[in-house]
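> Mind having a look at this structure? Questions to follow.
The values are calculated or read from the model by the stated rules, or taken from the named source; none is laboratory data. Treat the numbers as computed from the prediction; the structure is a model and nothing was measured. Here the Cβ is made from the backbone with ideal geometry for all residues, glycine too, and neighbour counts use every protein chain on show.
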């Protein structure tokens, strides 16, 4: 009798901890995309760059997005990843849109009047409601629209990092 009771307790703990781990893993998940800002990009003109975003599920060949719901943008950041350095002080504004196969484009983050000289910047989130349809579809695309204050003297690579939060679907 003790063995059956002990086995039941251990099985219950294991099931609860698996659910907790899944909940923790699925509550926040990142997508990243890279943007090349070329030397020839003119100042004071909006320029658009589109890239397919990747996340950790893509790296391991899975897609567990069907197991989540109530997806919202929770964090958006841009950073300079050019080996020679660079800073975001050359930017006047940045807007980040997401879309995927069969979905419309949604503005998720932006920043205007950029005055920082640092190599990374948190963007202002645009709470567009739930993004389940976009994130659960295949091929998440990030379109970055930016405007420069001055033309850059060298190419600059920018990484756009988007974090989404969700709750597990039952």
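> Residue pairs, Cβ under 8 Å, 6 or more apart or interchain, first in segment 120-142 and at positive phi, second assigned to a loop (DSSP other than H, G, I, E, B). List them.
Close Cβ pairs (under 8 Å, with a partner that is assigned to a loop (DSSP other than H, G, I, E, B)) amount to 139/100; 139/101.
> Considering 25, 35, which residue is at pLDDT 85 or above and surrounded by 12 or more Cβ atoms within 10 Å (Cβ to Cβ)?
Numbers: 25 fails: at pLDDT 85 or above.
Just one listed residue meets the conditions, 35.
> May I ask you to list the residues in segment 115-154 that are crowded, with 16+ Cβ neighbours inside 10 Å and out of contact with any strand residue (DSSP E or B) (no Cβ under 7 Å at 6 or more places or on another chain)?
Of everything in segment 115-154, just one residue is crowded, with 16+ Cβ neighbours inside 10 Å and out of contact with any strand residue (DSSP E or B) (no Cβ under 7 Å at 6 or more places or on another chain), namely 136.
> Out of the residues in segment 38-74 meeting the condition of being touching a strand residue (DSSP E or B) at 6+ places or on another chain (Cβ under 6 Å) and in a loop (DSSP other than H, G, I, E, B), tell me which one is modelled with the lowest pLDDT.
55
> Would you point out which residue out of 84, 93, 165, 112 is loosely packed, with under 15 Cβ neighbours inside 10 Å and at pLDDT 85 or above?
Working: 84 fails: at pLDDT 85 or above; 93 fails: loosely packed, with under 15 Cβ neighbours inside 10 Å; 165 fails: loosely packed, with under 15 Cβ neighbours inside 10 Å.
Answer to the selection: 112.
> Pairs needed: first member in segment 102-117, farther than 16 Å from residue 52 by Cβ; second member anywhere, exposed (fewer than 13 other Cβ atoms within 10 Å of the Cβ); C-beta distance under 7 Å; at least 6 residues apart or different chains.
109/124; 110/124; 111/124
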